[in-house]
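Peer 1: Let me give you the structure first, and then I'll get to my questions.
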Amino acid sequence: MASAPIVLVPGFWLGAWAWDEVAAALRGEGNKVTAVTLPGLESADADRSKITMSDHVEAICKAVRAAGAPVVLAVHSGAGAPGYGASDRVPELIAAMVYVDTGPAKGALDPDFKGAEKPLPSPKDLADNENLSGLSEEQLETFRRRAIPEPGAALREAAKLTNDARLDVPSTVVCTGYTSAQYKDAVKEGQAWLAGLTELRHVTYVDLPTSHWPMWSRPRELARIIGDVAKAHASG
């Protein structure tokens, strides 16, 4: 194979559609690409009441198993936690990880969250707490219109990590909303959402200055980074 199959997992409030431009660019270069919608994020009407982190991990593992060869697993934002969980479950089926403005989280993402679901924050709260650089108002409006609440139970549960084989999976961190230097400082500070970076044995940092949603603000550049990892990890 000229490149490893690629599995794309979006972060909070998003479905597979969020990767459309990146997936199209990757497929245009001949890559086999699967974009995932995690359980509970299918539609506003989906039943999210019993969806757990374990369900999200298993959904990613299912996509990885279906690829037919070891994959490059690219996870964005809140998908860093279930993505790292999947690398623990099926490390032999993951040729490399790509963490897109996120990291291999350990522990629950929001252990104190009490609600059944967590909706997209207001436009003001989003702007106050996330990097929106390079995003158009049209893209933000599409985000608001298509956003689906996150299952609350998935935020309260931690992905189970028991298999040290995950530590040898080559991992690339694409730093967009923050620089790689800021990422490294956050790791030293003990940020839980990056905690796996203290134990992974093969980590590369790539700076791509843009929004927290680079699949919209710099899709072609992000596709190129993911595609290069896939080429580097092609199976015989």
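The values are calculated or read from the model by the stated rules, or taken from the named source; none is laboratory data. This one's a predicted model, so the numbers in the text were calculated from it and none came from an experiment. Quick reminder, even Gly has a Cβ in these numbers, built from the backbone with ideal geometry, and neighbours come from all protein chains shown. To get the accessible areas, we keep the full protein, side chains included, count just its heavy atoms, and leave off ligands, DNA and RNA. Shrake-Rupley method; radii C 1.70, N 1.55, O 1.52, S 1.80 Å.
Peer 1: Over 34 Å, how big is the tail of the calculated P(r) for the chain, in percent of all Cα pairs?
Peer 2: Value for the chain (Cα pairs over 34 Å): 7 percent.
Peer 1: Accessible area of segment 80-170 with a 1.4 Å probe: how many percent of it is carbon plus sulfur?
Peer 2: 49 percent
Peer 1: Among the aspartates and glutamates, select those whose C-alpha is under 15 Å from the C-alpha of Lys62, and discard any that sit fewer than 8 residues away in the same chain.
Peer 2: Lys62 reaches Asp88, Glu92.
Peer 1: Here's something else I'd like to know. Principal axis lengths of segment 136-236 from Cα atoms, whole Å, largest first?
Peer 2: Principal-axis extents of segment 136-236 (Cα, largest first): 43, 36, 32 Å.
Peer 1: Which of the trypsin sites (Lys or Arg not before Pro) across segment 14-110 are loop residues per DSSP, with 14 or fewer other Cβ within 10 Å? Walk me through the numbers before you get to the answer.
Peer 2: On the way: sites: Arg27, Lys32, Arg48, Lys50, Lys62, Arg65, Arg89, Lys106; in loops: Lys32, Arg48, Lys50, Lys106.
Here the sparse-neighbourhood loop sites are Lys50.
Peer 1: Mind grabbing the base-10 log of I(q)/I(0) for segment 73-170 at q = 0.14 Å⁻¹? Debye formula, identical points on the C-alpha positions, no solvent, two decimal places.
Peer 2: -0.65
Peer 1: Whole number in Å², please: accessible area per residue of the chain, 1.4 Å probe, ligands, DNA and RNA not counted. Don't skip to the end; give the middle numbers.
Peer 2: On the way: 10270 Å² over 236 residues.
Heavy-atom accessible area per residue stands at 44 Å².
Peer 1: Lys124: which lysines have alpha carbons under 29 Å from its alpha carbon, excluding same-chain residues fewer than 8 sequence positions away?
Peer 2: Output for Lys124: Lys106, Lys114, Lys184.
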